[in-house]
Amino acid sequence: MNGDDRIHLSYQVEGGDLTRAGEASSGVKQTLRKLGIDPGTIRRVSVCMYEGEINMVIHANGGLAMVDVGLDDITITLTDYGPGIPDIDKAMQAGWSTAADSVRDLGFGAGMGLPNMKKYSDEMKIKSIVGVGTTVTMVVKIPS
Amino acid sequence: MIVRQLADELDLTVFAMDDPDRETAGGYCGDLLSWVMGRAVAGGAWLTIMSNVNVAAVAALADVACVILTEGVQPDPALLDKARLQGVNLLGTAMPTYACAGKLHGLIG
């Protein structure tokens, strides 16, 4: 990889099936390991991506996860065509969730997903249009 | 302390132990998976009563050294399969979470 080259990974995330959630994140983790990325950065990317994956499975019937690996940073872009987020500020509040009881029974839906994604990324942007879908972009910087 | 020693010291049931030499220090107790993702320390032990398949994904991605199912909880078959597949150290004990955490704290801080 030289300064201009970036590695692009993309994964289709299936909706509805929480038992399969994490497959894309695990795939990214394995690839980052092979690339020799440090364990701390891999962990931050894994948490960000897994939380995003769970959100897409629970709320949006799946979507597309793209990961762009450079020398200085890793950018994760999650795109779905779900219901959208009417109030992003509210969704960002720790503990706020619209997840169904069936999801909560599995240990998810505690309203910590987006706050975790913000905590473990260096930059995070959410673009959402109700009825159209949501795109979440997160950047994790690689320590030099 | 490595995971194998920890399992011996606390007389833990071994459900899966693909990485017995993993060093472990510190820990986290919790059943809400996103709390665990946000708070668990890398290389620590994670104590939980959750036994569904997602536990393996959380353990692998949060990079904990081992999962200890407390209170006599048995792993779902899907969790057992996934733990073996993903190389997650999955242990168990009949001890209550509080008692297990107390003993762990004495061993690995």
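Readers should treat all values here as calculations from the given coordinates under stated rules, not as data from a laboratory. What you are looking at is a predicted structure, and each value in this text was computed from that prediction instead of being measured. Heads up, the Cβs are rebuilt from the backbone with ideal geometry, glycines too, and the neighbour counts pull from every protein chain shown.
Could you tell me the calculated FRET efficiency between A:Asp72 and A:Gln12, based on Cβ-Cβ distance and R0 = 25 angstrom, to the nearest 0.05? Present the calculation step by step, with values, prior to reporting the outcome.
Details: r = 28 Å, r/R0 = 1.10.
In this case the efficiency is close to 0.35.
A:Arg20 sits among other residues whose Cβ lies under 14 Å from its own Cβ, and their net charge, with Lys and Arg +1 and Asp and Glu -1, is -4.
Each listed q (0.11 Å⁻¹) maps to a log10 I(q)/I(0) for segment A:7-141 from the Debye sum over equal C-alpha point scatterers, namely -0.35.
Go ahead and estimate [θ] at 222 nm for chain B from helices alone: -39,500 (n - 2.57) per DSSP H run with n ≥ 4, summed, over the residue count, rounded to 500. Numbers along the way, then the final one.
Numbers: 5 runs with 45 residues, N = 109.
Mean residue ellipticity, 222 nm, calculated: -11500 deg cm²/dmol.
Cβ-to-Cβ counts within 10 Å put A:Arg43, B:Arg39 in ascending order as B:Arg39, A:Arg43, the fewest first.
So how do A:Cys48, B:Cys29 line up by other beta-carbon neighbours within 10 Å, fewest first? Spell out each step's value before the answer.
Details: A:Cys48 29, B:Cys29 19.
Neighbour counts put them in this order, fewest first: B:Cys29, A:Cys48.
Residue pairs exceeding 27 angstrom between C-alpha atoms, taken from A:Lys141/B:Lys82; A:Lys127/B:Lys82; A:Lys90/A:Lys119; A:Lys29/A:Lys141; A:Lys29/A:Lys119: A:Lys141/B:Lys82; A:Lys127/B:Lys82. A simple spin-label model places pseudo-atoms 7 Å from Cα toward Cβ; at B:His105 and B:Ala25 they are separated by 1.9 nm. Per-residue 3J(HN,Hα) values for segment A:76-93, derived from phi via the Karplus relation 6.51 cos²θ - 1.76 cosθ + 1.60 with θ = phi - 60°, read 10, 10, 10, 10, 9, 10, x, x, x, 10, x, 9, 5, 4, 5, 4, 7, 5 Hz in sequence order (x marks Gly and Pro).
Entry note, chain A: the mean residue ellipticity at 222 nm calculated from DSSP H runs of n ≥ 4, each adding -39500 (n - 2.57), is -10500 deg cm²/dmol after division by the residues and rounding to the nearest 500.
Take every Cα pair under 8 Å whose residues are at least 6 apart in sequence, average their separation, divide by the length of segment A:7-141, and the relative contact order is 27 percent. Here chain A is treated with +1 on each Lys and Arg Cβ and -1 on each Asp and Glu Cβ, and its dipole about the Cα centre works out to around 240 debye. The calculated P(r) of segment B:17-109, using every Cα pair and 10 Å bins from 0, goes 19, 57, 24, 0 in percent.
FRET efficiency for the pair A:Asp5 and A:Asp89, taken as 1/(1 + (r/R0)^6) with r the Cβ-Cβ distance and R0 = 45 Å, rounds to 0.75.
Within a Cβ distance under 9 Å of B:Ala42, other residues only, what is the Lys/Arg minus Asp/Glu net charge?
Here the charged neighbours net out to 0.
The slack between B:Ala42 and B:Glu9, meaning 0.36 nm per residue of separation minus the straight C-alpha distance, is 9.8 nm. Between B:Met1 and A:Arg20, the modelled label-to-label distance comes to 4.1 nm, taking each label 7 Å out from Cα in the direction of the beta carbon. Amide H contacts for B:Phe15 (H built 1.01 Å from N in the peptide plane; partners 5 or more residues away or on another chain; cut-off under 5 Å): B:Leu90, B:Leu91, B:Gly92.
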